[in-house]
Structures are given as C-alpha cells and as structure tokens.
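The values are calculated or read from the model by the stated rules, or taken from the named source; none is laboratory data. Keep in mind that this is a model prediction, so the values were computed, not measured. In this analysis, Cβ positions are derived from the backbone assuming ideal geometry, glycine residues included, and neighbour counts consider all displayed protein chains. Each accessible area value is taken on the protein alone, full model and side chains, heavy atoms only, with ligands, DNA and RNA left out. Shrake-Rupley method; radii C 1.70, N 1.55, O 1.52, S 1.80 Å.
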Amino acid sequence: MCKKGKWGFLIGLSMVLFILSGCASNEKTEEEKLVEAIQEAVKDSSIGGEASNKAEKPTVESTLSEIVNFVTIDIWNEAFVNISWYASSGTDSTGNELDIEFTIDRLGKAMEKKAEYNSYIAGLDSEYDDIKQVWTKLSNEIDTLYAKLKENPPHATDSEYEFETGLFKQYSKAFDSDVESLNAQ
C-alpha cells in the first residue's frame with residue numbers, strides 16, 4: 001500500500017475507532033483508545049509493508065523467463081518486427097506511422113540491458129550449458145542485426161533493403177523453448 005493510502009486508511013480507521021469508542025465502555029479514555037488503535041494500525045501496516053517491499057530473490061528460472069520476455073517485447077515487438085515492416089511498407093507492423101530513428105534509439109537502450117543479460121547468462125553454472133549455447137547464438141544475431149541498423153538504417157518502402165530476421169526467430173524460439181522446458185521441471 002502506498003504511503004498516501006496508508007495514511008488515509010489510518011486516518012479513516014482512527015475516525016471509526018473514535019466514533020465507536022463513544023459507544024463502548026469507558027474503562028480507558030477515548031484518547032487512550034485512539035492512540036492504541038493508531039499504534040496498532042501503524043504496526044500492522046508496517047509489518048505488511050515490510051513483507052510486500054521484500055521481494056523474493058529471483059531464481060535462475062524466473063530470470064531466464066524475464067530474459068525471454070525482454071527478447072520478445074523489447075527486441076522483437078518494439079524493434080525488429082517493426083523495422084522489417086517499415087522497410088517494406090513504410091509503417092510499423094500494425095500499419096501505424098513509425099519514427100525509425102526513435103525506434104533504433106530505443107533498441108540501443110535495450111542493447112544496454114542485453115549486455116547485462118549476457119553477463120548473467122555467462123555466469124550460470126554448467127548445468128545451463130545448453131541455454132548458454134542458444135543464448136550466445138541469439139545474442140550474436142541480435143548484435144548483428146543492430147549493427148546493420150546502426151550502420152545503414154532503412155528507409156520507408158525501400159524494397160532494396162534487406163533485414164533478414166530468420167536466424168533471430170530460429171534462435172529466439174529455441175531459447176524460449178529451452179527456458180520453458182527448464183521451468184516445467
């Protein structure tokens with residue numbers, strides 16, 4: 001719960017308790033009951049807040065699934081597929097206008113994140129050698145396609161421009177499948 005929401009909740013709870021305290025027996029003063037109720041509510045909300053703020057340590061499987069999502073969304077959906085369509089049709093893959101320079105710049109930011117994933121996967125134990133091998137091929141193909149875009153960006157409806165994503169799709173599918181198999185174990 002956000003701080004603003006916690007305080008709103010606590011204030012509302014305090015008001016309810018204050019009103020209810022008038023109906024209850026007066027062993028303690030209304031102020032004492034209100035103070036106790038607020039202290040208990042703050043204690044309870046901080047316990048819940050600590051639990052929700054402490055994220056579980058990610059597993060290898062969850063991190064690899066995150067990498068699969070990254071490749072699918074940031075590399076393929078947001079970049080490569082749109083760039084392929086742009087070169088052939090002048091639009092993105094859904095027929096909308098596309099700013100090719102912006103798309104390539106955003107891909108550059110994704111490449112920085114990919115470098116972190118390269119390091120992570122390289123550091124995995126030998127039991128993940130199959131996944132490491134497929135990732136190496138996939139990562140190298142991403143690098144190759146990105147270098148081509150940086151060196152020679154496409155122009156809209158340029159039938160001469162070649163941006164072949166077949167190997168990327170092959171390696172991406174294999175990586176996804178291997179990670180899915182790992183998660184199924």
(request) Count, please, the residues in region 123-176 that happen to be β-branched (Val, Ile, Thr) and open to solvent by less than 40 Å² (accessible area, probe 1.4 Å). (result) 4
(request) Name every residue in region 80-102 that is surrounded by fewer than 16 Cβ atoms within 10 Å (Cβ to Cβ) and among the acidic types (Asp, Glu), in order of residue number. (result) Glu97, Asp99, Glu101
(message) Can you tell me which of (1) touching a residue at least 40 places away in the same chain (Cβ under 8 Å); (2) within 22 Å of the chain's Cα centre (by Cα) is the one Pro153 doesn't meet?
(response) (2)
